[in-house]
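Scroll down for the structure; my scribbles are underneath it.
Since every read-out is calculated from the coordinates, none of them should be taken as a lab result. Keep in mind the model is a prediction, meaning the values are calculated, not measured. As a convention, Cβ positions derive from the backbone with ideal geometry for all residues, glycine included, and neighbour counts pool all protein chains shown.
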Amino acid sequence: MGERINSYKELRVYQNAMETAMKIFEVTKTFPPEEKYSMVDQMRRSSRSVCANLAEAWRKRRYKAAFVAKLSDAESEACETQVWIEFALRCAYLEKALAGELDQCYDKIIGQLVTMIGDAEKWLIK
């Protein structure tokens, strides 16, 4: 870990997830009105849930199983967001380049989460 991290907000994975969720928020403003209560809500919910699950995981570091479970939930939400990105691309709500950029952001986030899960012991409160 290097420097001591005192808050989930200092985690690079959290910062990446928050930044990407905000991009999703902005880009979904341009989606058609008929998608407001379906695709837009789902994309925003799952992208925000990555951040929320990371915060919850941080507070559960006393218990490895609970910590890993919340990180796994964050990973699942990131993957769900990738599915919504693909739907948005196929529905022509997103340009191919932007969809690819967002998808790559979530690949990176998922990779960071997988690394944290694999190294869970070093994050736990002893």
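The Cβ shell under 15 Å around residue 22 holds other residues with a net charge of +3, Lys and Arg each +1, Asp and Glu each -1.
Calculated from the structure at hand, P(r) over Cα pairs in 10 Å bins from 0, in percent is found among (1) 12, 30, 29, 22, 7, 0; (2) 14, 52, 33, 2; (3) 14, 45, 26, 13, 3 as (3).
Only DSSP H runs of four or more residues enter the estimate; each adds -39500 (n - 2.57), and after division by the residues of the chain the mean residue ellipticity at 222 nm equals -24000 deg cm²/dmol.
Full extension of the chain segment joining residue 125 with residue 34 gains 28.1 nm, where the gain is 0.36 nm per residue of separation less the Cα-Cα distance.
Other residues lying with their Cβ under 12 Å from the Cβ of residue 35 contribute a combined charge of +1, Lys and Arg counting +1, Asp and Glu -1. Placing unit charges on each Cβ (+1 for Lys and Arg, -1 for Asp and Glu) gives the chain a dipole about its Cα centre, and among 91, 39, 50 the Cα reaching farthest toward its positive end belongs to 50. Once you've got the Cα coordinates, tell me which of 64/122; 36/70; 23/122; 70/96 are over 20 Å apart. Distance filter (> 20 Å) returns 36/70; 23/122; 70/96.
Taking a sphere under 13 Å around the Cβ of residue 12 and counting the other residues whose Cβ falls inside, with K and R at +1 and D and E at -1, yields a net charge of -1. Mean-square fluctuations from a GNM of the chain, with a 10 angstrom spring cutoff on Cα atoms, peak among 59, 48, 12 at 12. If the chain linking residue 3 and residue 98 were pulled fully straight, counting 0.36 nm for each residue of separation and taking away their Cα-Cα distance, it would gain 30.8 nm. Highest mobility in the GNM of the chain, judged by mean-square fluctuation with C-alpha springs under 10 Å and restricted to 54, 89, 102, is found for 89.
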